[in-house]
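For reference, the structure is listed below as structure tokens.
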Amino acid sequence: MRFNRRLGAIKVISFDLDDTLYSNRQVMLNTDQAMQSYFQQLFSQYQVKQAQQPPDHHFWQPYRQQVLTTDPLLIHDVTEVRRATYQLGLKQLGLAKQCALTEADKAMSHFLLHRNQVAVPAEIPEFLATLSKRYRLIAISNGNVCTQAIGLAPFFEHIFHAGQGLKQKPANDLFHHASNKLNVKPQQILHVGDCGHADIFGAQRAGCRSAWLNCYDVGKPIKVLPDIELNQVTDLAKYF
């Protein structure tokens, strides 16, 4: 753990979720496989003549691009852009409009069921419980993991997700919304995350403090100096 700057008075510690408090890679690979199987069965049921490629994320990409061309702001809501992608794709593959809407909703339920099969490291709940005795804890995420489903909701005062009018990090929206909701100044929030762009650049641009963690080797590299550099997220409990 390395401190690059003095932090001042921190009142709130904010956590990114995916690839910060747990590794998200394997669960997303598993989810992609589960959705391929799901749509293969669905296409067989409706006798859809699909392309040669399997119905993985590459298969759905052209439909997603069409959705975002029509509604660019939908990119900030990962759940709704996926739902709209499924709806459009299923309609263009031959399903009637209402049927496509119904099946897209069912597919999203299946997706979220698998997407929330996250393996949270055993030490994380105790770490958050310890930290919550001294700081207000929140989560700020661009993703759609359900903290209730993965067992982390009780440790956070608020969980803020992009969407519903709030743009994804690195935009200021989520950071400033959290600041206003908790009635604290942005500089009193320490945001912990893995992505050098969304989390570190985003937090600093919003006026928050930042702690960079990249132990899962997923997030984009840092281009601005974080206030703190972490080897493990649990190192925070040693100094805060």
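Pairing each residue of the range 221-240 that is within 19 Å of Ala198 (Cβ to Cβ) with any residue that is surrounded by fewer than 14 Cβ atoms within 10 Å (Cβ to Cβ) and of a type in the set (Lys, Arg), provided the two are 6+ apart or on different chains, yields C-beta distances under 6 Å for Asp227/Arg5; Glu229/Arg2. Just a yes or no: is a residue in the range 33-52 within 20 Å of the chain's Cα centre (by Cα), within 24 Å of Ile140 (Cβ to Cβ) and open to solvent by less than 80 Å² (accessible area, probe 1.4 Å)? No; the residues of the range 33-52 include none that is within 20 Å of the chain's Cα centre (by Cα), within 24 Å of Ile140 (Cβ to Cβ) and open to solvent by less than 80 Å² (accessible area, probe 1.4 Å). For the range 102-122, a tally of residues being open to solvent by 40 Å² or more (accessible area, probe 1.4 Å) and touching a helix residue (DSSP H, G or I) at 6+ places or on another chain (Cβ under 6 Å) returns 3.
If Ile75 satisfies every condition in (1) closer than 25 Å to Gln164 by Cβ; (2) free of Cβ contacts under 8 Å to residues at least 40 places away in the same chain; (3) open to solvent by 70 Å² or more (accessible area, probe 1.4 Å) but one, which is the exception? In the conditions (1) closer than 25 Å to Gln164 by Cβ; (2) free of Cβ contacts under 8 Å to residues at least 40 places away in the same chain; (3) open to solvent by 70 Å² or more (accessible area, probe 1.4 Å), Ile75 misses (2) alone. Kindly indicate whether any position in the range 189-197 is touching a His at 6+ places or on another chain (Cβ under 7 Å) and of a type outside the set (D, E, K, R). Within the range 189-197 (the criterion being touching a His at 6+ places or on another chain (Cβ under 7 Å) and of a type outside the set (D, E, K, R)), the answer is no, since none of the residues qualifies.
Being surrounded by 20 or more Cβ atoms within 10 Å (Cβ to Cβ) and out of contact with any Asp or Glu (no Cβ under 6 Å at 6 or more places or on another chain) is true of His161.
Residues in the range 188-223 that are in contact with a helix residue (DSSP H, G or I) (Cβ under 9 Å, 6 or more places away or on another chain), at pLDDT 95 or above and surrounded by fewer than 20 Cβ atoms within 10 Å (Cβ to Cβ): how many? Summing the residues that are in contact with a helix residue (DSSP H, G or I) (Cβ under 9 Å, 6 or more places away or on another chain), at pLDDT 95 or above and surrounded by fewer than 20 Cβ atoms within 10 Å (Cβ to Cβ) in the range 188-223 gives 3. Per the conditions (1) at pLDDT 95 or above; (2) exposed (fewer than 14 other Cβ atoms within 10 Å of the Cβ); (3) basic (Lys, Arg), the sole criterion not satisfied by Arg2 is (1).
The values are calculated or read from the model by the stated rules, or taken from the named source; none is laboratory data. Note that this is a predicted model, so its numbers are computed, not measured. Cβ: placed from backbone, ideal geometry, glycine included. Neighbour counts: every protein chain shown. To get the accessible areas, we keep the full protein, side chains included, count just its heavy atoms, and leave off ligands, DNA and RNA. Shrake-Rupley method; radii C 1.70, N 1.55, O 1.52, S 1.80 Å.
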